[in-house]
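Working notes, structure below.
Read-outs: derived from the displayed coordinates by stated rules, not from any lab. What you are looking at is a predicted structure, and each value in this text was computed from that prediction instead of being measured. Here Cβ is always computed from backbone atoms with ideal geometry, including for glycine, and neighbour counts include all displayed protein chains.
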Amino acid sequence: MRQTMPVRLSTAEETLIEQLKSLGNEAEAERISVAGLPTRRVESYHYTDLKTLLKAMPPLAAPANEASAPALRVPGAYQLMIANGAVQSAGTAPAGVIVETSEGTSLSTRDDVLVHLNGAMAKQSLNLTLEGTVDCPLQIDRRIEGAAAHSASSARVFVADNAKATIIETCSGSKAAHVGNHASYVSLGKNATLTHITVDLSAEEATHFSTTEYELAEGSKLRSLVIHAGADLARSQVFARFAGEGAHADFTGLNMVDDGQHRDITLDVHHAVPNTTSKETFKQIARGRSKAVFQGRIVVARDAQKVDGKMMMQGLMLSDEAQILSKPELEIYADDVVCGHGSTCGHIDEVSMFYLMSRGIPKAEAQVMLVRGFLEELIEPIEGDELREALNGVIEGWLQGGIQ
Amino acid sequence: MTTPILEVRDLHVRVEDKDILKGVNLVLPPGEVHAIMGRNGSGKSTLSYVLAGKEDYEITGGDILLDGESILEMEPDERAAAGLFLAFQYPVEVPGVATMTFLKAAINAQRKARGEAEVTTPEFMRLVKDAGSRLNIDSAMLKRPLNVGFSGGEKKRAEILQMELLQPKLCVMDETDSGLDIDALQVVANGVNSMRSSERSMLVITHYQRLLNHIVPDVVHVFSDGKVVESGDKSLALELEAKGYAAYEKDVA
Amino acid sequence: MAMLDTPTLKENIDQETVDKVRALDVDKYKYGFETLIESDVAPKGLNEDIVRMISAKKEEPEWMLEWRLEAFRRWQTMEEPSWAKVSYPKIDFQEISYYAAPKTTAGPKSLAEVDPELLATYEKLGIPLKEQEILAGVEGATGETATPYGGNVAVDAVFDSVSVVTTFREELAKHGIIFCSISEAVREHPELVKKYLGSVVPVTDNYYATLNSAVFTDGSFVFIPKGVRCPMELSTYFRINEKNTGQFERTLIIAEEESYVSYLEGCTAPMRDENQLHAAVVELVALDDAEIKYSTVQNWYPGDKNGKGGIYNFVTKRGDCRGHRSKISWTQVETGSAITWKYPSCILRGDESRGEFYSIAISNGHQQIDSGTKMRHLGKNTTSRIISKGIAAGFSDNTYRGLVSAHAKAKGARNFTQCDSLLIGDKCGAHTVPYIESHNSSAVFEHEATTSKISDDQMFYCQQRGLSEEEAVALIVNGFVRDVLQQLPMEFMVETQKLISISLEGSVG
């Protein structure tokens, strides 16, 4: 008879188990000791085998003593900071913004290892309630400071009925091999409108995990943008649930991956009710010996008729050693729907390159120009010149980092 | 008195809580061509869909008789087999199904429903070729998927081709002139006129008078706010063109 | 004479035909088969003794037995895969008889209904196999015989196939083509079998393939020598119908340099198989400039309207484009089985080799289909094309699962994938799960997927022209799958169109 062999634990896993025990979370410690971190056999981690990829686990974060320079500051934005998991005091909030804190994580009890770990580790959540039209963008600046640390942070955003706001979250910190696990729970009230951007700018040595959960009420409108521009290993998970009819969301993402890096954007959109629409647009750029991963799934529940979902993944490879892996899925249980997905993967169009170069533009510049054009559709719909400029700056910085 | 081909009696129709047809009365004796004219939104197209049995329309009163028999309880295909043909304003695209395949399937389905033998392939080919040549439809077009990528004119000609092949008792033509240039209009009108016969009736629904220069009606009905507000001979169309619809609508109010 | 006196033949087949069949050189294969009919029913369960017994019955050489035993030992350490989007009660592999004898008790009544057409084919020994297949297939496909005629016809058919194949064999032999049962190939052409068996689907490949390697009972073997274009389409129809070979069928097709073969696998009879589990393995090898076209129409028993019964079809099919400029094309029409778990794949090893996958998968009732393909680009300038059309009706679930990957060395690899799903009714599900893995920048992949339903406008239009609701659905669905239909050999195409209508019966209204 077959026997279940206990998994062989890596050093990182062993450290993690110790950490969970020290936090008094025996259940989670037990779970990791039995199953280990997910491998490629776990479908949702098919391309991101955490067991192999997570080489080391730094100690649990202590309170931050000093702060590094902000990786990105959006001019005119109201600044909020979470350093090493602790919500920092902020200046007077603009009209319509209520800032509070609460204990523990903001996430649901989803069966996912990163969600479990955030639940075990996050001590505090930053809670934002947004009412009316919030004039300035809100920036949630998440940092991991000091020596290499394993840190979890959490935020919860309620956009009230009919409210309108823009939030940009940034993750960064000191130059060390941190492991960050960040969580956001974002709920949109009836007819609320939100632009929510998360930009990872973690240190090159760091590991970045983030999970965002969206809940969309009737008639709400969401634009979500995830940008990966930092960390050696990154995985951003987006779980969205349409809970009210007439809601629409644009889920977008930009996965920029450099030599030696592995970055993963995983999206799961659940149309639980009829008459909801979503459009998913994701772009991946890989150069050097790197791996870019996109997993996206649209689920349409039974009886969720008249749903329209369109997902597009476009990959651009700038080097021979790069890998772009994608898994765009449709899971449809209602018949009166229009859903589709497309995925393309290739290199820079040679005809366009030739055209630009024949007009006297040097090769490197021509490449940057074409890549910029390729990304334009992600940035262009974002409202606010200063915000767009800041995001373009992030992209520019990555592009100047060396196109071969 | 001969039984009319079509008789519509005090027909009331509702769509999503909105009354669209509010007591339509029509009598089409065999061999006659009637035109229904009305502005957009007057309920003309609804009438054509209801005659053909499209779902989503709630009949709240009245009756529709084809050859003296009520057809309200009949499915669209049963009505078709009974001899009712609707030339669509916007013919539907059916990808992957060659026009030829569709034509044969339709002819045989109707024959089967009437207990007749299926058409043989050579006979079918001859029929299609004859009708096609009159309507400027070549075999290449018939090999293409039904209505997919057809121009406006091609779609309308294909509708008339189907009408010729199916030889219906009652032809309902919904805005058959829309999207046609003058040459194409002539081709289509010739096709329709060649089908006029003492056993067949036609109901021509149109927005403009110009079609009626080519297909000359016996009776013209003016349609407004879900019912017929005026009926007369072909001169009514010209009168309408000159005065505008408003003049007739006022009569109602 | 005893050999021919199977109970099903006596009454309905005229003596002349029997004589004709007997006059042909019927070989040991049938003797073996006959023994089976008479007595061999293996006890339930699977162990090394059963594997030894199967090997002994097949008079296999020692190396083949060792191969099977190695597979069996490996299988014991493996776990049943669970990643597919299908659910079914756990299979007790010890409750299955791995050597079930055909049922021979059903009366000739059912045969009488089928017979006129089959008889006609008996009398025309020498007409292409595919034509006979159409006769039998259409008969089955139109469902004119209400009586399940599984066992009997299978026996007849096998009986027949041996003779027909034998007739063709002479013709094929002139070209140096070998077409025989895999059992026979093991005995007669051990060097070829040793070289190629398991070279595409390794013994250790996956749970079901490993099980098949241990216990496969029969299947087809095809060898097309260098430069030969096979003059006729080869078919496995009759073999499939044989009950005991259908269960763990093993097929191996080798196309040497510059050769061509088109192979048809027609499971077109409404087979009421008692055996729940089918775990077949098909291996294709194409050397330089060779081309293999493999077409399947699968219509196994899908279970009743409550989802009871039906075949579990866990099949491993893989083609190896081993040579430069080689080409393997899979076309499948899947309408049967309670559960289908099947991914006909291509390993594009040779430079400029090409893989194709064309699929129509229709599920109705409580059927579950998880099917697709894998295109592994390893060689330079390799190309692949995937066209998948899934239609879900009733309470069924229909999943396309596919992998396209380009190795770092597969410079200039190209793939185009189009997956379209159609839902009929609101109690079914259609899913698309593509894995797209590019490991080099010169590879260009394009993937498109859509899910929709038949539009009300299309239905109304067709009905206005006199088509009934079901006719309209069948017509629109046939249009939807047209791109794939066109890939089928003519005879299969006609049959498939009918099969689509039948499969969708009761899906509307």
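For the reader, a short list of remarks on this structure follows.
- Residue by residue along C:423-435, Cβ atoms of other protein chains within 10 Å of the local Cβ number 6 on average.
- Between A:Q79 and B:D17, the FRET efficiency estimated from the beta carbon spacing at R0 = 60 angstrom works out to 0.70.
- For the peptide C:394-407, the mean number of other protein chain Cβ atoms found within 10 angstrom of a residue's Cβ is 1.
- Note on the protein assembly as shown: with charges restricted to the Cβ of Lys and Arg (+1) and Asp and Glu (-1), its dipole about the Cα centre is near 2040 debye.
- Chain A: DSSP helices with Cα axial extent of at least 18 Å and average Kyte-Doolittle hydropathy no lower than 1.6: none
- Phi to ³J(HN,Hα) by Karplus 6.51 cos²θ - 1.76 cosθ + 1.60 over segment B:126-141, Hz, x for Gly, Pro: 5, 4, 5, 5, 4, 5, x, 5, 5, 9, 6, 10, 8, 5, 4, 5
- A:S102 paired with A:A147, simple spin-label distance in nm, labels 7 Å along Cα-to-beta-carbon: 3.6 nm
- Candidate aspartates and glutamates - alpha carbon under 15 Å from C:K317, same-chain residues fewer than 8 apart omitted: C:D205, C:E249, C:E265, C:E283, C:E334, C:E356, C:D370
- Each peptide in B:60-72, A:315-327 gets a packing score, the mean of other Cβ atoms within 10 Å over its residues, and the list from highest to lowest is A:315-327, B:60-72.
- Local net charge near B:A113, Cβ-Cβ under 12 Å (Lys/Arg +1, Asp/Glu -1): -1
- Qualifying GluC sites (Glu not before Pro) for segment B:115-192 [loop in DSSP, other Cβ within 10 Å: at most 12]: B:E116
- Here B:R134 and C:Q486 are evaluated by their C-beta separation; at R0 = 25 Å the FRET efficiency comes out at 0.20.
- Pairs of Lys residues in segment A:71-347 that lie 8 or more places apart, or on two chains, and have C-alpha atoms under 22 angstrom apart add up to 18.
- Given charges at beta-carbon only (K, R positive; D, E negative), |dipole| of segment B:6-252 in Debye: 720 debye
- In the protein assembly as shown, inverting the average of 1/r over every pair of distinct C-alpha atoms gives 33.9 Å as the Kirkwood radius.
- Peptide-level mean, for B:83-95, of C-beta atoms on other protein chains within 10 Å: 4
- Rg followed by Dmax, in Å, when chain A is reduced to its Cα trace: 20.8, 71
- The ranking of B:E249, A:E100 from fewest to most other beta carbons within 10 Å of each one's beta carbon is A:E100, B:E249.
- Reachable lysines, given that their alpha-carbon falls under 21 Å from the alpha-carbon of B:K156 and they are not under 8 places away in the same chain: B:K44, B:K54, B:K104, B:K129, B:K143, B:K169
- Farthest toward the positive end of the dipole of segment A:34-138, out of A:P38, A:H116, A:A77, is the Cα of A:P38, where the dipole comes from beta carbon charges about the Cα centre.
- Near C:E437, once Lys and Arg are set to +1 and Asp and Glu to -1 for all other residues with Cβ below 11 Å from its Cβ, the sum equals +4.
- Mean residue ellipticity (222 nm) of chain A, computed from DSSP H runs ≥ 4 via -39,500 (n - 2.57), nearest 500: -6000 deg cm²/dmol
- Within the shell defined by Cβ-Cβ distances under 13 Å, the residues around C:V315 carry a net charge of -2, with Lys and Arg each +1 and Asp and Glu each -1.
- Sorted by Cβ neighbour density within 10 Å, fewest at the top, the residues B:S197, A:S154, A:S236: B:S197, A:S236, A:S154
- Inter-label distance, nm, simple model (7 Å from Cα along the C-beta direction), A:R302/B:D181: 5.5 nm
- Using alpha-carbon coordinates, inclination of helix B:152-166 to the longest axis of chain B, degrees: 80 degrees
- Most to least packed among B:102-112, C:370-380 [average Cβ atoms within 10 Å]: C:370-380, B:102-112
- Per-residue Cβ neighbour counts within 10 Å put C:T77, C:T331 in the sequence C:T77, C:T331, beginning with the fewest.
- Protection proxy ranking of C:81-89, C:453-461 - average other beta-carbon atoms within 10 Å, highest first: C:453-461, C:81-89
- Expected-Rg normalisation [2.2 N^0.38 Å, Cα atoms] applied to segment C:362-443: 1.30
- In chain B, helices alone account for a calculated mean residue ellipticity at 222 nm of -11500 deg cm²/dmol, with every DSSP H run of four or more residues adding -39,500 (n - 2.57).
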